[in-house]
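The numbers here are math on the coordinates, done by the rules we state, and not lab data. It should be emphasised that the depicted structure is a prediction, and the values quoted were computed from it without experimental measurement. Virtual Cβ from ideal backbone geometry, glycine too; neighbours counted across all protein chains shown.
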Amino acid sequence: MPLRDPLAAYNPRSNIEAHLMCRLLRDAGIEAWAIDGMASENGTGMGGVPQVWIERTDIERTRPVLIEYDRWNAQRRATEGGTRDAGAQVEAVCEECGERSMFPATQEGNTQSCPRCGAYVDVEHRVGFEGGAVVSSEDDA
């Protein structure tokens, strides 16, 4: 069934991750749709960003699924030979309230809650590291 009040809840790193996230959300009883990123003319896959869309009213039920997935993903990256300095920090800026916050580098590439307003915050990733969970709504554009 089409979404009545859609919200882009997750911007995964790949189309495969988008479909995985949809599966996790659906397993939790949350209707979710994956929008695949389009390949560019040179075939690099940089022509579009894959997204996962949900009903806006499901955002609170979605939050724990996203947080748990990001925790699991951070642990997986760390055990695959991540060599980050244990004390390193990464800055993130909340798109909702503009608050600048510092997070441990182990949270890099994950979605966290803004300490000020509670909105989702994309913890920036540095060049050379994978990452990039972003939560936004179509109203943010």
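A few comments on the model shown:
- Exposure proxy order (Cβ contacts within 10 Å, fewest to most) of Y120, Y69, Y10: Y69, Y120, Y10
- Spin-label model distance (nm) - E99 vs R23, 7 Å beyond Cα toward Cβ: 3.5 nm
- Relative exposure of E55, E60, judged by other C-beta atoms within 10 Å (fewest first): E60, E55
- Theoretical gain in end-to-end length, R4 to E91 [0.36 nm per residue, Cα-Cα removed]: 27.9 nm
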